[in-house]
Amino acid sequence: MDREKIIKILSDIDKYLKDLEGRKIVSLGDLRNLEKYYACSMILFSLLNRVIDLGQEIVISKKFGMPSSYKDIFRLLYERRIVNKKNFEGLKKFVDLRNALSHEYYRADEKKIFDALQEIEQVEKFVSEAKNFLKKN
């Protein structure tokens, strides 16, 4: 396992989480400000890419299988009990959002971004579970 790579991924995730918190989005109306909307969208996109990178690094380095999709990464982690069912379901929704932000930006409206911000604890939970797994393995 490439420890330096994982440390960098975790550092990036922490930075993006702090960046999102710094946006101080407390209501859907806050995202009607285009600057806040675009900033949060891009921070979320960057965050979700790094969350996927973290999952992929664990799956590949521990030889859990070859994921065929981003969702498959989290399925493999769920099957190995690294993430629980609720977290697995939440992470799959984040993959959908990441794909919308990447390929169909028009689908990621203010409501979807706000809903994702309300569920960001799923990312935090995954990071915590990944760290625990990495400490033990």
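The values are calculated or read from the model by the stated rules, or taken from the named source; none is laboratory data. Here the structure is a predicted model, which means the values were calculated and not measured. Ideal geometry is used to build each Cβ from the backbone, glycine not excepted, and the neighbour counts take in all protein chains shown.
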- Message: Which numbered condition in (1) surrounded by 18 or more Cβ atoms within 10 Å (Cβ to Cβ); (2) assigned to a helix (DSSP H, G or I) is the only one that I25 fails?
- Response: (2)
- Among residues belonging to the stretch 31-45 that are without any contact (Cβ under 8 Å) to a residue 40 or more places away in the chain and surrounded by 16 or more Cβ atoms within 10 Å (Cβ to Cβ), point out the one that is nearest to E110 (Cα to Cα). K36
- Task: Could you check, for the stretch 100-113, whether at least one of its residues is touching a Leu at 6+ places or on another chain (Cβ under 9 Å) and aromatic (F, W, Y)?
- Result: no
- Message: Looking only at the stretch 71-106, count every residue that is among the aromatic types (F, W, Y) and more than 14 Å from the chain's Cα centre (by Cα) and tell me the total.
- Response: 3
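Within the stretch 51-137, which helices (runs of 4 or more DSSP H) (wholly inside it) include 1 or more residues that are under 20 Å from C40 (Cβ atoms) and at pLDDT 95 or above?
Those helices (runs of 4 or more DSSP H) span 85-103, 110-118, 121-136.
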- Message: I'd like the residue in the stretch 106-137 that is touching a residue at least 24 places away in the same chain (Cβ under 8 Å) and more than 26 Å from I58 (Cβ to Cβ) and, out of all such residues, is surrounded by the fewest Cβ atoms within 10 Å (Cβ to Cβ).
- Response: K111
